[in-house]
Amino acid sequence: MPRQARSNETVVACLAAVTLFVWTGCRPVSIAPRAAAEGKARSGGNVAAALVFHRIEATIDPAEHRIDLRDEISFPAPKRRRRLSFALAGGLDVESLDPAYEVAEVGDGTRGARTSGSPGESVLRAWMLSPRGGSWTGRVSVPLRIRGVVHEPPQVEEGEYARAFSRTPGIIDSAGVYLSGASHWLPQLELGPFAFEIGVTVPSDWHVICQGRRLSVAKEGDRRRIVWRSDAPMQEVYLAGGPLVEYRRSGEGLTLYVFLHRADEALAARYLDAAASYLAMYSQLLGPYPYPKFALVENFWETGYGMPSFTLLGPRVIRLPFILHSSYPHEILHNWWGNSVYVDESGGNWSEGLTAYLADHLVKEGRGQGAEYRRDTLARYRSYVRENEDFPLTEFRERHSPATEAVGYGKSLMLWHMLRRRLGDEAFVAGLRRLYERGRFRRVSFGDIAEIFSEVSNRDLRPLFAQWTRRTGAPEFALQCRRLSPSRVRVRIEQIQSGAPFRLRVPVALTVEGKAEAQVVDVLVDRRV
Ligand SMILES: [Zn+2]
């Protein structure tokens, strides 16, 4: 589909910014931060959070891999369900501490009968909670005691690729503790998001970190008791820790922490400085940071995890100098995308592409290397995603191979870049801010995002999102460039991929003799010749 590009001056060269998607090779665009962050409360204690509350008191015995805890769960009486089902890790037992409520194991009670214990997946036992006689009434408060062993050493899944870390559904060990929703160490009654307060008793040289605000650290005999509280609505409770040295910096309702295995003041200072500046930058760009603290926690095996209000990085990863401005801002930014605006996974995980775009990519762009970063992203898509490995973004959950990374991070990142070019920086940032404001502590899908950006920009962006999220593949172009006269050049762009043509605007950059900056013309390409 030929289009003419005119110029008043002599065109001596034409340079096409044509790759798989759209690559603005010549015109760096910068995201201008908007007005300063508004002074809203940082810990979004909202109505939903108050509905379900877990008050937990736990003791951890690392050498024996044991946990012994009391979880008092309060919630409004469920209307339709008399029996609430939940699953716990195979090594845990549970009992009700109030005779008004009954907990019973479902099934044959055989340990390990529920699921196989492959890495990343617990052996589970199923339980039922119900009122003994009668039904649920008023506001319910059920005290449960849970105790037993959680010890699944981290393993690399078979067939994993080089970037994969070992995974475990949960472990309590002398080296440290890591428990999450996938550990099934607390009953998840499917009553919706919840707030919690947790006191944890550990050896005296240990620290543990959860979501929320740390209320206290106290010495109790030869042990230490640490209390955390999260008022923001959560979907699971993370507990990470071990023998750790603490560094802390407090200010303006926000506390920054670094927890390391060995004292290293200089390293801690670098992470505290970086956290302060990235949190300020993203708060200004997107809206106020949603949590009362941010912590970097050194893990006891290699990971790169981002939880609400903290990140868990492995010992080697933490000491790689480039992490400070690559993985670290990425994990910090997940507090906006993924860890407060939650992903509605039924419609595809959009948060990795957006986080990569506004962290890894934005850092590079700030150094004048944005185009290079995007070109590498496109090259990875072309190299790693064979036709039979391709899938639409709506099917992306998490990366587990170079191909899933090239789609779920790479192709997704380019969608955000195309959206930004289409809307301009101001509307793009306004859309991001509205997405954060509306989506905080809710599950959001690509469909919701298309609605929000359509509303902000006053355009129907649903077809754009549909094209890039619901189908596989990417356009491939053939380019012809012919000079018609000293001042005219004809550019012909053909879509040559198999399958239906895409509809997109391809930026074509023309460099004019005597001028350093290229002239960029957006060419609409929407059919095949
Ligand atoms: Zn990520």
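The values are calculated or read from the model by the stated rules, or taken from the named source; none is laboratory data. This is a predicted model, so every value here is computed, not measured. Counting neighbours? That spans all protein chains shown, and the Cβs are built from the backbone with ideal geometry, glycine included.
Couple of notes before you dig in:
- Of all residues in the stretch 207-226 being in contact with an Asp or Glu (Cβ under 8 Å, 6 or more places away or on another chain) and under 17 Å from Ser180 (Cα atoms), the one that is surrounded by the most Cβ atoms within 10 Å (Cβ to Cβ): Gly212
- Qualifying residue in the stretch 308-316 (condition: assigned to a loop (DSSP other than H, G, I, E, B) and under 19 Å from Val363 (Cβ atoms)): no
- If you go through the stretch 185-195 and pick out every residue that is of a type outside the set (Gly, Ala, Ser) and surrounded by fewer than 24 Cβ atoms within 10 Å (Cβ to Cβ), you end up with 6.
For (1) assigned by TED's automatic domain parsing to the domain that holds Phe428; (2) surrounded by 12 or more Cβ atoms within 10 Å (Cβ to Cβ); (3) under 35 Å from the mean Cα position of the chain (by Cα), each residue gets a yes or a no:
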residue	(1), (2), (3)
Phe465	yes, yes, yes
Ser485	no, no, no
Arg505	no, yes, yes
Ala516	no, no, no
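- Single residue of the stretch 342-370 satisfying the filter (part of a loop (DSSP other than H, G, I, E, B) and more than 13 Å from Ser445 (Cα to Cα)) that is farthest from the ligand (Cβ to nearest atom): Gly368
- Within the stretch 393-412, residues that are within 22 Å of Leu464 (Cα to Cα) sit with their Cβ atoms under 6 Å from residues that are more than 13 Å from the ligand (Cβ to nearest atom) and among the polar types (S, T, N, Q), at 6+ positions apart or across chains, in these pairs: Leu393/Thr469; Thr394/Thr469; Gly410/Thr377.
- Residues in the stretch 225-244 that are part of a strand (DSSP E or B) and either under 21 Å from Asp264 (Cβ atoms) or of a type in the set (A, V, I, L, M, F, W, C) (or both): 10 in all.
- Among the candidates Phe322, Phe294, the residue that is farther than 25 Å from Glu236 by Cα and aromatic (Phe, Trp, Tyr) is uniquely Phe322.
- Among the residues making up the stretch 218-246, those that are closer than 20 Å to Tyr305 by Cα and over 20 Å from the mean Cα position of the chain (by Cα) are Trp228, Gly241, Gly242, Pro243, Leu244, Val245, Glu246.
- Sole residue being modelled with pLDDT under 95 and under 23 Å from Ile60 (Cβ atoms), chosen from Arg167, Arg163: Arg167
- Options Glu352, Glu387, Glu345; residue that is modelled with pLDDT under 95 and under 28 Å from Ser283 (Cα atoms): Glu345
- Just one of the listed residues (Pro321, Pro290) is away from the ligand (no atom under 16 Å from the Cβ), within 15 Å of the chain's Cα centre (by Cα) and outside the structural domain of Asp360 (by TED's automatic domain parsing), namely Pro290.
- Taking (1) more than 16 Å from the ligand (Cβ to nearest atom); (2) at pLDDT below 95 in turn, His400 satisfies each apart from (1).
- Selected residue (only one of Tyr373, Tyr381 is over 25 Å from Leu285 (Cβ atoms), aromatic (Phe, Trp, Tyr), away from the ligand (no atom under 11 Å from the Cβ) and assigned to a helix (DSSP H, G or I)): Tyr381
- Residue within the stretch 251-269 that is at negative phi, part of a strand (DSSP E or B), within 16 Å of the ligand (Cβ to nearest atom) and buried (at least 16 other Cβ atoms within 10 Å of the Cβ) present: no
- Test: residue in the stretch 441-459 that is within 24 Å of Ala406 (Cα to Cα), in the same structural domain as Met414 (by TED's automatic domain parsing) and either acidic (Asp, Glu) or without any contact (Cβ under 8 Å) to a residue 60 or more places away in the chain (or both): yes
- The residues of the stretch 324-341 that are within 13 Å of the ligand (Cβ to nearest atom), farther than 19 Å from Ala276 by Cβ and not in a loop (DSSP other than H, G, I, E, B) amount to a single one, Trp337.
- Glu302 being within 20 Å of Val177 (Cβ to Cβ), part of a helix (DSSP H, G or I) and of a type outside the set (Gly, Ala, Ser): no
- Candidate set from the stretch 295-313 (those that are more than 15 Å from the ligand (Cβ to nearest atom) and surrounded by fewer than 21 Cβ atoms within 10 Å (Cβ to Cβ)); member that is nearest to Leu413 (Cα to Cα): Glu302
- The strands (runs of 3 or more DSSP E) found wholly in the stretch 428-529 and carrying at least 1 residues that are farther than 20 Å from Ser351 by Cα and in contact with an Asp or Glu (Cβ under 6 Å, 6 or more places away or on another chain) occupy 477-485, 504-512.
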